[in-house]
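Asks: Below is one structure. I have some questions about it.
What follows draws every value from the coordinates through simple rules; no lab data is involved. These figures come from a predicted structure and were not determined experimentally. Every residue, glycine among them, receives a Cβ derived from its backbone with ideal geometry; neighbour counts consider all protein chains shown.
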Amino acid sequence: MSARIQAVKLEAPNYVGKEEVPESLLRPGIDDPNSMRGKFERMIRGIQDQVCAAIEEVDGCNFRQDAWTRPSGGGGITRVLQEGNVWEKAGVAVSVVYGSMPAESYRVAVGRDIPFEQDDRVPFFAAGISSVMHPWNPHCPTMHFNYRYFETEDWKGIPGQWWFGGGTDITPSYVNEEDMRHFHGTYKAVCDRHDPAWYNKMKLACDDYFLIPHRGETRGMGGIFFDDLNDRDKDKIFAFSTDCAQNIVESYVPIIKKHKTDPYSERQKQWQQIRRGRYVEFNLVYDRGTIFGLKTGGRIESILMSLPLTASWRYDHQVDPQGPEQKFLNCVRNARAQSWVSRAQGRRSLVVTAAKKPAQGGKRRLDATGYIVDNSERGNIFAVEPKQLYTSSPTSDRAARQGLGGVQGLAVLAAAGAIVAAVTLGIAKNPADTLQGLAASGAADSLTAIADRISSSL
């Protein structure tokens, strides 16, 4: 690898003072400031300011800034807060890069094979923002985000390509389900505003990307991840990337404020250090961005900014099989099966359905479906959220399409309410019980009886 890295050469950077950083790092007179290159650069520089301001407000310390430009265009701004009050190390880096890369590096960047000759070089433009935050407290999670835009120029008859990539992910040392529901719920809401299919797809992509194969576990508790995204209008993907970036502070900072003063033991700190070791292993061995930065001659301090100040590797470390560390391991060893966000906006829920079968002579059928939702964090045991209702009656169908109301709404609430009653009265022990389990206890009969009574009144 080293010979190939040495063959990749970029111009030496010119370091500039804070007051000398140009308004734009694009090539003046060549790149249109209204192009996607210009829009993306403005976005990531604004996000850098926003995130750094939020972190400084919580920590009480300030970021150090290094900035540089290159003679033919491009440059970067790296800000690092090190040994602060809350964060051991926090970095937010913006870069705009013009260069050319070997075909092999191009294949690494896109994650697929490209039929170029071995000695060919591809001119490219890349702009991105990357950040990692490592707090002191083991009860405060590490957070990483990266959003990038990449273009290759037309070259040897091959049309230029473009794509977006990025994501935000979280790496705690201990499992706090409420925190994970907040983090994942924030990004599910972002995804749903752009494409309802994206959260599940990008959550699984995140679990897959941050897998540490030699450990058989993921780096953390995931988030969203996307790469090579160019399957729709460029401005629509840019809007999605912007929305993701603008929700970084909301997804993360409230968790830090909640836990930054939590007490912790020496054992918990030791466990955090072991998990930091896993972070280092992934970043140096598998992370595509790190590999790409090294192969294209990027600035080493910025590339390795993601590493924590301290980490630990203990020989044959074992955890208590009944302890919280084992609970954490169970999650990271089964990341794809782990769901932090339900259809009920991030709270655990059980879908329940009551059905009234048509009587002889073709009497109408009523299906009432609702959620029972774990709402304990709001001070009450359960809340009910209606889902849908339909009957074989055209009139009732129209009413249902127009919105749940009247007897239709009552049917749904009554059906879900029967489950609430079943749980609170002890017929079912908890909301994780299945509908089949409730049927065995007689709760499902109650649902049917309620549906029968309401149906007969229609």
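Asks: What are the ³J(HN,Hα) values, in whole Hz, obtained from phi via the Karplus relation 6.51 cos²θ - 1.76 cosθ + 1.60 with θ = phi - 60°, for each residue of region 325-339 in sequence order, with x given for Gly and Pro?
Replies: With coefficients 6.51, -1.76 and 1.60, one gets 5, 5, 4, 4, 4, 4, 6, 6, 8, 9, 4, 5, 7, 8, 10 Hz.
Asks: Sequence-distant or interchain residues sharing an amide H contact under 5 Å with residue 221, placed H: which?
Replies: 170, 171
Asks: With a/c under 1.5 counting as rounded, go ahead and sort region 164-305 into rounded, prolate or oblate using the C-alpha gyration tensor (a ≥ b ≥ c being the square roots of the eigenvalues; past the cut-off, prolate if a/b is larger than b/c, else oblate).
Replies: Note, shape of region 164-305 comes out oblate.
Asks: Hey, which of these cross-link pairs are over 28 Å Cα-Cα: 188/258; 89/236; 295/327; 201/236?
Replies: Going by Cα-Cα distance, 89/236; 295/327 fall outside the 28 Å limit.
Asks: A follow-up question, please. Specify whether the C-alpha gyration tensor of region 2-337 places it in the rounded, prolate or oblate class, a ≥ b ≥ c being the square roots of the eigenvalues: rounded for a/c under 1.5, otherwise prolate if a/b is larger than b/c and oblate if not.
Replies: The shape class here is prolate.
Asks: HN-Hα J couplings of region 20-29 from phi, Karplus 6.51/-1.76/1.60, θ = phi - 60°, integer Hz, Gly and Pro as x?
Replies: For region 20-29, the Karplus-derived couplings read 9, 5, x, 4, 9, 9, 6, 6, x, x Hz, x marking Gly and Pro.
Asks: Report the relative contact order of region 200-280, percent, no decimals, based on alpha-carbon pairs under 8 angstrom and at least 6 residues apart.
Replies: Relative CO of region 200-280 lands at 22 percent.
Asks: Return 44, 248 ranked ascending by Cβ neighbour count within 10 Å, so the fewest neighbours appear first.
Replies: Ordered from fewest to most neighbouring Cβ atoms within 10 Å, 44, 248 come out as 248, 44.
Asks: Something else now. Between residue 16 and residues 5 or more places away or on another chain, which pairs have amide H atoms under 5 Å apart, with H built 1.01 Å from N, and which residues are they?
Replies: The answer is 67, 68, 69.
Asks: What are the residues whose amide H is under 5 Å from the amide H of residue 63, where those residues sit 5 or more places off or on another chain and H is modelled from the backbone?
Replies: none
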